[in-house]
Amino acid sequence: MEARNFQLETVKERWPDYKDHILSLYYTDNRFRAICEDYYLCMKHLDKFRKEFSEKLQTIEEYEKMRQELEVELQGRIDNDV
């Protein structure tokens, strides 16, 4: 079984109309291969950061909702005590 080349696959997925040309460049041009590796790492980190941000955004929204509920409850207590 052949090992999957994620760098090459990532670039071919981005430019599907140029798969053959990308394949040729990847195996003949060292600089192109290095750029493919950089592109893959960049995309990998972007996906990771998007996921982390999404999770943090959800947590922030949950705390914002809790804050609003607590403010309503506090305001009710303050108003009843005046």
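The values are calculated or read from the model by the stated rules, or taken from the named source; none is laboratory data. On a predicted model such as this, the values are computed, not experimentally measured, just so you know. Cβ atoms come from the backbone with ideal geometry, glycine included; neighbour counts cover every protein chain shown.
Quick one: in the stretch 31-62, which of the residues that are hydroxyl-bearing (Ser, Thr, Tyr) and more than 12 Å from the chain's Cα centre (by Cα) is farthest from residue 10 (Cα to Cα)? So, considering only residues that are hydroxyl-bearing (Ser, Thr, Tyr) and more than 12 Å from the chain's Cα centre (by Cα), the one farthest from residue 10 (Cα to Cα) is 59. Annotation: of all residues in the stretch 14-26 being closer than 18 Å to residue 4 by Cα and either exposed (fewer than 10 other Cβ atoms within 10 Å of the Cβ) or of a type in the set (Lys, Arg) (or both), the one that is farthest from the chain's Cα centre (by Cα) is 20. When the test is whether a residue is of a type in the set (D, E, K, R), surrounded by 10 or more Cβ atoms within 10 Å (Cβ to Cβ), without any contact (Cβ under 8 Å) to a residue 40 or more places away in the chain and within 30 Å of residue 14 (Cβ to Cβ), residue 65 does not pass it.
Where helices (runs of 4 or more DSSP H) fall wholly inside the chain, the ranges with 1 or more residues that are of a type outside the set (Val, Ile, Thr) and modelled with pLDDT under 90 are 30-81.
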